[in-house]
């Protein structure tokens, strides 16, 4: 059935037609929400709420944008309502998470169990760079974070971002540029892959833990990010980082379960989760 016919039926209240259309962008919507929320269970709840809210309001869809953009707007507003109750993350959130793990043999054992037993518990440095991008982006004000992820990771045009964020083009461009400049500065000062004076080398350290037989330097040099860092063009390094992140699905990659439990440790360390072992773990893949 043609998409136009499905949309016509959905506008007339056909939930099956709407579900078929929703499924065409469900995958990127879910990963987008995970990058904002960093909690699989919250993502499942918001996906459900987004579907219900969108279908309930489908008669108000004026087709000024694609249905995908309209649904992303609903999901973004629901995520915003959730996130504004939370503290923004500190730039050293990963350091705090690492310190918590180092100080707890039980947490370390949980990491190793996932790594050894889950089909998506492998470790690759590029996936941890994606994890790092998500953590650092959560240091931004919510609207800046949303603008950055919509544009640089999910390729939304500025015009559609204006609809999602309910902002003018000038405001959206300001949010985006401010977010890029802030993150570029954080990565330049923290990331030891691109700056020998960086304070964080967690991806290489974890590579040594989970892939002890793998040559860490060799693994590092596989990354275009590291090769380009010798030229040290700040904006180009940030662009390369977004290309790498864009290529990774945080919910279905080869190491998604391992990264998720590391994320839970980080969230525990900064107070998003009261206790690592009390936090409900979403189903592994």
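The values are calculated or read from the model by the stated rules, or taken from the named source; none is laboratory data. Just so it is clear, the model here is predicted, and its values are computed rather than measured. Cβ atoms come from the backbone with ideal geometry, glycine included; neighbour counts cover every protein chain shown.
Odds and ends about this structure:
- Top-ranked residue in region 167-185 [being in contact (Cβ under 8 Å) with a residue 24 or more places away in the chain and more than 22 Å from residue 91 (Cβ to Cβ); ranked as surrounded by the most Cβ atoms within 10 Å (Cβ to Cβ)]: 172
- Hey, residue 214 in contact with a helix residue (DSSP H, G or I) (Cβ under 9 Å, 6 or more places away or on another chain), in a helix (DSSP H, G or I) and under 30 Å from residue 115 (Cα atoms) or not: no
- Residue match in region 57-67 (condition: outside the structural domain of residue 148 (by TED's automatic domain parsing), over 15 Å from the mean Cα position of the chain (by Cα), in a helix (DSSP H, G or I) and buried (at least 19 other Cβ atoms within 10 Å of the Cβ)): yes
- Meets criteria (modelled with pLDDT of 85 or more, assigned by TED's automatic domain parsing to the domain that holds residue 99 and under 20 Å from the mean Cα position of the chain (by Cα)) for residue 275: no
- When we screen 115, 77, 82 for residues that are surrounded by 14 or more Cβ atoms within 10 Å (Cβ to Cβ), in the same structural domain as residue 144 (by TED's automatic domain parsing) and assigned to a helix (DSSP H, G or I), the only hit is 115.
- Residue 226 being under 22 Å from residue 119 (Cα atoms), in the same structural domain as residue 114 (by TED's automatic domain parsing), assigned to a helix (DSSP H, G or I) and touching a residue at least 24 places away in the same chain (Cβ under 8 Å): no
- Sole exception among (1) at pLDDT 95 or above; (2) loosely packed, with under 14 Cβ neighbours inside 10 Å; (3) closer than 15 Å to residue 267 by Cα for residue 100, by number: (2)
For (1) over 23 Å from residue 260 (Cα atoms); (2) at pLDDT 95 or above, each residue gets a yes or a no:
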residue: 4; (1), (2): yes, no
residue: 33; (1), (2): no, yes
residue: 51; (1), (2): yes, yes
residue: 59; (1), (2): yes, no
residue: 70; (1), (2): yes, yes
residue: 74; (1), (2): yes, yes
residue: 77; (1), (2): yes, yes
residue: 91; (1), (2): no, no
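- Qualifying residue in region 192-206 (condition: free of Cβ contacts under 8 Å to residues at least 24 places away in the same chain and touching a strand residue (DSSP E or B) at 6+ places or on another chain (Cβ under 8 Å)): yes
- Residue match in region 10-33 (condition: at positive phi and surrounded by 20 or more Cβ atoms within 10 Å (Cβ to Cβ)): no
- Test for residue 134: is it in the same structural domain as residue 262 (by TED's automatic domain parsing), farther than 19 Å from residue 65 by Cβ, in a loop (DSSP other than H, G, I, E, B) and touching a residue at least 12 places away in the same chain (Cβ under 8 Å): no
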